[in-house]
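The values are calculated or read from the model by the stated rules, or taken from the named source; none is laboratory data. Keep in mind the model is a prediction, meaning the values are calculated, not measured. Methodologically, a virtual Cβ is constructed for each residue, glycine included, from the backbone with ideal geometry; neighbour enumeration extends over all protein chains shown. The area values use the complete protein model at the heavy-atom level, side chains included, leaving out ligands, DNA and RNA. Shrake-Rupley method; radii C 1.70, N 1.55, O 1.52, S 1.80 Å.
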Amino acid sequence: MDPEVHSLTGAYVCHALEPAELEAFERHLARCPTCVQEVAELQETAALLASAAAQTPPPRLKAAVDARIAVTRQIPPVVSHEPARQADRRPRRRWFTALGWGLAAGLAAVVAVLGVRLNDQQNQIDQARQRSTAISTLLAAPDVHAESVNVSTGGNGRVLVSRSRDEAAITVSGLSRLAPGKVYQLWMMGPSGARSGGVVPVTAEAFDSVLAHGLGDARTIGLTVEPAGGSAQPTTEPVMLLPMPA
Amino acid sequence: MLGRAGSRTASEEQATLEAQLHRVALGDRDAFDAVYEQLAGPVLGVARRVLRDPAQAEEVAQEVLVEIWRTASRFDAHRGSARAWALTMAHARAVDRVRSADASARREARAAELMVVPPFDEVVEAVEARLDRERVRRCLEGLTELQRESVTLAYYGGYTYSQVAHLLSSPLGTVKTRLRDGLARLRDCLGVG
Ligand SMILES: [Zn+2]
């Protein structure tokens, strides 16, 4: 390690590092308590420089902020502290896609709980607000990836994925209505098999965005037609396979 | 209210801000109003200083203030004050915005303007800054010229340190260390930490 890396604290606090250097310095920060301490102190100092530039905000700013926080859901407190170590992610395992759906589904023995939130209990407005906030947050993620495919029985599926946020938003429109006793079910498919993403309520021809947390090793989002109530594992050929980047 | 805060000491205010932020995390709108009163001025001010453009600065300030509401539960008092947390976020957003692709043209246009480091009197146009602006000014004046210019261009100008080196025709390594030394001297002068 270049001993000069410690001297980047000032530039770091001023947000004055070039992207590659920023990355290297943040890696350094993760294991240099001296720099962590210095950065904290210099950030307090920089905050005084900001305060010295204070301006009286116009009343319209407060009005605009108030209007937005009225429809902005707060993120809940963190229960367990999760280290944000993207670099430590397990290496990609692509064999699932290579082997295809049938074999992977056959291999899958474990049904994991997937945090897909359909928010049945909450009221519609609340859901819409939460979704739009979640999706705009997802859209702002530096590594957001969008994918779109056709559903073989009609309709179109879209996914927004951010591995750094470990979240995906899935939207399907134009789905065919199913015969009574049949439902659409989402699946998260990866090397360890297919996990249910829940039964999708199709009231009209579309379902609203579903937000999935905890993607784990999933590489593909699948949609199948299952008997009412859903299945533990997919029982039919998927009508949609949405790839997600590793 | 900025005026009302006058009788409190800085550390009392800080403790209050942290306590208020904790209540904001629980959805307390009154606490948010109090946090807004203390932070909106500096948030807007720093965005304005970096971006130059009042309309863009207001957009950034709005985003940051909403983000304070949204992520209040993520504030960790062990890592610094609430003020530094919020203003670091504001500065980062303003700098991101000024470096975005569509801002690069404007940046070119104002490069010439920033070849001349603005005098601190212009930098400080605060109307109601509670903090002792005289003290910040005095401390900035106590820096060497290269320290002061480096800090001013990087922090208030939103330039990367290699751009600062270019603007000041100084070696990269020199600007890097001047940024650090300059901020460290300000820290000591202002009694931070
Ligand atoms: Zn270090």
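I'd like to check something: does the range A:36-59 contain any residue that is touching a helix residue (DSSP H, G or I) at 6+ places or on another chain (Cβ under 7 Å), within 11 Å of the ligand (Cβ to nearest atom) and open to solvent by 70 Å² or more (accessible area, probe 1.4 Å)? Let's see the steps before the verdict.
Keep residues of the range A:36-59 that are touching a helix residue (DSSP H, G or I) at 6+ places or on another chain (Cβ under 7 Å), which gives A:36, A:38-57.
Pick out the ones that are also within 11 Å of the ligand (Cβ to nearest atom) and you get A:36, A:38-39.
Restricting the remaining residues to those that are open to solvent by 70 Å² or more (accessible area, probe 1.4 Å) gives A:36.
Yes; the residues of the range A:36-59 include at least one that is touching a helix residue (DSSP H, G or I) at 6+ places or on another chain (Cβ under 7 Å), within 11 Å of the ligand (Cβ to nearest atom) and open to solvent by 70 Å² or more (accessible area, probe 1.4 Å).
So residue A:68 fits all but one of (1) more than 20 Å from residue B:85 (Cα to Cα); (2) within 16 Å of the ligand (Cβ to nearest atom); (3) facing chain B (nearest Cβ under 8 Å); what number is the exception?
(2)
What residue, among those in the range A:3-24 that are away from chain B (no Cβ under 11 Å) and within 13 Å of the ligand (Cβ to nearest atom), is modelled with the lowest pLDDT? Even if it seems obvious, please write down each step before you answer.
Taking the range A:3-24 first, the residues away from chain B (no Cβ under 11 Å) are A:3, A:20, A:23-24.
Filter once more, so that each one left must be within 13 Å of the ligand (Cβ to nearest atom): A:3, A:24.
Details: A:3: 65, A:24: 91.
Here the answer is A:3.
Against the definition (modelled with pLDDT of 80 or more, assigned to a loop (DSSP other than H, G, I, E, B) and not aliphatic (A, V, I, L, M)), how does residue A:235 come out, yes or no?
Values: modelled with pLDDT of 80 or more: yes; assigned to a loop (DSSP other than H, G, I, E, B): yes; not aliphatic (A, V, I, L, M): yes.
Criteria met by residue A:235.
Of all residues in the range A:203-227, which are closer than 18 Å to residue A:241 by Cβ and either at pLDDT 80 or above or open to solvent by 20 Å² or more (accessible area, probe 1.4 Å) (or both)? Let's see the steps before the verdict.
Here is the first cut: in the range A:203-227, the residues closer than 18 Å to residue A:241 by Cβ are A:207, A:210, A:212, A:215-226.
If the condition is that a residue be closer than 18 Å to residue A:241 by Cβ and either at pLDDT 80 or above or open to solvent by 20 Å² or more (accessible area, probe 1.4 Å) (or both), then A:215, A:216, A:217, A:218, A:219, A:220, A:221, A:222, A:223, A:224, A:225, A:226 are the ones that fit.
Six or more apart or on different chains, Cβ atoms under 6 Å: show the pairs whose first residue is in the range A:26-51 and within 21 Å of residue B:61 (Cβ to Cβ) and whose second is more than 9 Å from the ligand (Cβ to nearest atom) and aromatic (Phe, Trp, Tyr).
Here the result reads A:49/B:155, each pair linking the range A:26-51 to a residue that is more than 9 Å from the ligand (Cβ to nearest atom) and aromatic (Phe, Trp, Tyr).
Which residue is nearest to the chain's Cα centre (by Cα), if the candidates are limited to the range B:27-40 and must be open to solvent by less than 10 Å² (accessible area, probe 1.4 Å) and over 30 Å from residue A:33 (Cα atoms)?
Initially, the range B:27-40 is screened for residues open to solvent by less than 10 Å² (accessible area, probe 1.4 Å), giving B:31-32, B:35, B:39-40.
Applying the additional criterion that residues be over 30 Å from residue A:33 (Cα atoms) yields B:31-32, B:35, B:40.
Values: B:31: 22, B:32: 20, B:35: 16, B:40: 12 Å.
The qualifying residue nearest to the chain's Cα centre (by Cα) is B:40.
What's the total number of residues in the range B:161-187 that are within 9 Å of chain A (Cβ to nearest Cβ) and surrounded by fewer than 22 Cβ atoms within 10 Å (Cβ to Cβ)? Steps first, answer last, please.
We begin by selecting, within the range B:161-187, every residue within 9 Å of chain A (Cβ to nearest Cβ); these are B:161-164, B:173, B:175-184, B:186-187.
Subsequent filtering for residues that are surrounded by fewer than 22 Cβ atoms within 10 Å (Cβ to Cβ) retains B:162-163, B:173, B:177, B:181, B:184, B:187.
Result for the range B:161-187: 7.
How many of the residues making up the range B:42-72 are within 7 Å of another protein chain (Cβ to nearest Cβ) and either open to solvent by 40 Å² or more (accessible area, probe 1.4 Å) or in contact with a helix residue (DSSP H, G or I) (Cβ under 8 Å, 6 or more places away or on another chain) (or both)?
The first filter runs over the range B:42-72 and keeps only residues within 7 Å of another protein chain (Cβ to nearest Cβ), leaving B:42, B:44-46, B:48-49, B:58, B:61-62, B:65-66, B:69-72.
So of that shortlist, the ones also either open to solvent by 40 Å² or more (accessible area, probe 1.4 Å) or in contact with a helix residue (DSSP H, G or I) (Cβ under 8 Å, 6 or more places away or on another chain) (or both) come out as B:42, B:44-46, B:48-49, B:58, B:61-62, B:65-66, B:69-70, B:72.
Number of matching residues: 14.
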